[in-house]
Amino acid sequence: MQPSHLPVMLEEVVACLAPVDGGLYVDGNLGLGGHTERILELSGPSGRVVGFDCDAAALTLAQERLARFGDRILFVHENFTSIKETLMELGIGKIDGLLLDLGLSSLQLDESGRGFSFKGSEPLDMRMDQRQTTTAAQLVNEASQEELADIFFYYGEECQARRIAEKIVEQRRKEKIIFTDQLVTLVDQAIPKRFHPKKIHVATKVFQALRIAVNRELDSLEQVLADGALLLAPGARFCVISFHSLEDRLVKQAFRENHLLEVVTPKPLTPGRAECLRNPRARSAKLRVAARGIN
Ligand SMILES: C[S@@+](CC[C@H](N)C(=O)[O-])C[C@H]1O[C@@H](n2cnc3c(N)ncnc32)[C@H](O)[C@@H]1O
């Protein structure tokens, strides 16, 4: 299988996580298994990984890719917010490292047909976990104008949030907004041309905001940052790759304020030039690392 997602900052992650034979690691965002594959290689012959992903399609692909590791990898189709309960059910006390590689895989963005991308025309779904009930279309068609403006402002840091929410509410009285291209057109029309961003697509922030709201991404991150720290063995590393400032801020704050953790990277690590050229999606990545204190 040709993996259609390149693991971001792979060398930096394994250098920080330092997997060893016999270690037990958790990958909270298994995706297509790129990081886990390397962790299993480096922790052979007996290191193990518990890999979480809330997207069933991602897990199926990871299972294929990682089949050769047999029972050294355990696949968990759950949100990483269930980490404490899941590990307890598995009889696992402490772990030797925890990795989060937040957000979406390239496969979800480009090929899932679930409306994560503003390119093309796809149903406005945006659920990573298809068992969840609320879709982006539901929010866009049913949330109040004020709620929509708040979502765009707080989760997208979109300065034109009010204008966009107003336009959506005006349009949805005429027809339901159920496809991504309908939403892109509305955002494009709502923002006066002089305020159109120069470096990113005009709908980037609105799409980010809706995705965060649909998947409750920031709440989930806060929870796993707290629970994850409790599960680490003394000295074990907690590595988090984030892709936008809202996530990075939460990680930075949680690592600084949690008395169980010691910050290993006072400034986040970022990908090198060569990686950004090879994989443009890596450009916005930030890797922060903390270690569980010895006491
Ligand atoms: C950036 S990709 C991970 C890619 C992976 N590290 C690799 O190298 O192949 C993020 C993955 O995390 C999953 N995901 C995002 N939020 C999640 C959450 N709260 N719980 C579980 N999985 C989540 C997504 O479905 C996606 O497959």
Inset, instruction - May I ask you to sort C159, C239 by Cβ crowding, counting other Cβ atoms within 10 Å and putting the fewest first? - result: C159, C239
Inset, instruction - Please build a GNM for the chain, connecting alpha carbons under 10 Å apart, and tell me which residue among T204, T60, T133 fluctuates the most. - result: T133
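Note the count of lysine pairs whose C-alpha atoms are less than 17 angstrom apart in the range 189-295, limited to pairs 8 or more residues apart or on different chains. Write out the running numbers ahead of the final one.
Values: K193/K205; K252/K267; K252/K286; K267/K286.
Count of close lysine pairs: 4.
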Legend entry - Calculated from backbone phi, Karplus (6.51, -1.76, 1.60) coupling profile of the range 72-86 in Hz, x at Gly/Pro: 7, 10, 10, 9, 10, 8, 8, 5, 5, 5, 8, 4, 5, 5, 5
Inset, instruction - List the relative contact order of the range 135-189 as a percent without decimals, with contacts defined as Cα pairs under 8 Å and 6+ residues apart. - result: 36
Legend entry - Segment V263-E11, extension gain: residue separation times 0.36 nm, minus the distance between their alpha carbons: 88.8 nm
Legend entry - Filtered trypsin sites (Lys or Arg not before Pro), the range 100-140: DSSP coil and at most 10 other beta carbons within 10 Å: R131
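Hey, what did the chain get for relative contact order, percent, Cα under 8 Å, at least 6 apart?
After rounding, I find 18 percent.
Please report the antiparallel percentage of DSSP beta bridges with both residues in the chain, rounded to the nearest 5.
40
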Legend entry - Dipole magnitude of the chain about its Cα centre (Cβ charges: Lys, Arg +1; Asp, Glu -1), debye to nearest 20: 1000
Inset, instruction - Would you mind working out the magnitude of the charge dipole of the range 28-127 relative to its Cα centre, with +1 at each Lys and Arg C-beta and -1 at each Asp and Glu C-beta, to the nearest 20 Debye? - result: 200
Legend entry - Kirkwood-Stokes translational diffusion coefficient of the range 114-215, alpha-carbon pairs, 20 °C, 1.002 mPa s, µm²/s: 161
Legend entry - Residues H5, H77 arranged by fewest to most Cβ contacts within 10 Å: H77, H5
Inset, instruction - Would you mind getting me the FRET efficiency between R273 and I200? Use the beta-carbon distance for r and R0 = 22 Å, nearest 0.05. - result: 0.60
Inset, instruction - Could you pull the Cα extents of the chain along its three principal axes, largest to smallest, in whole Å? - result: 60, 40, 38
Inset, instruction - State the answer as a single residue: which of A285, S82, C54 lies farthest towards the positive end of the charge dipole of the chain, with beta carbon charges of +1 for Lys and Arg and -1 for Asp and Glu, about the Cα centre. - result: A285
Legend entry - Positive-end extreme of charge dipole, the chain - chosen from L30, G156, L98 (charges on Cβ): G156
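We did not get these values from a lab; they are worked out from the coordinates using the rules stated. Note that the coordinates shown come from a computational prediction; the quantities given were computed from them, not determined experimentally. Methodologically, a virtual Cβ is constructed for each residue, glycine included, from the backbone with ideal geometry; neighbour enumeration extends over all protein chains shown.
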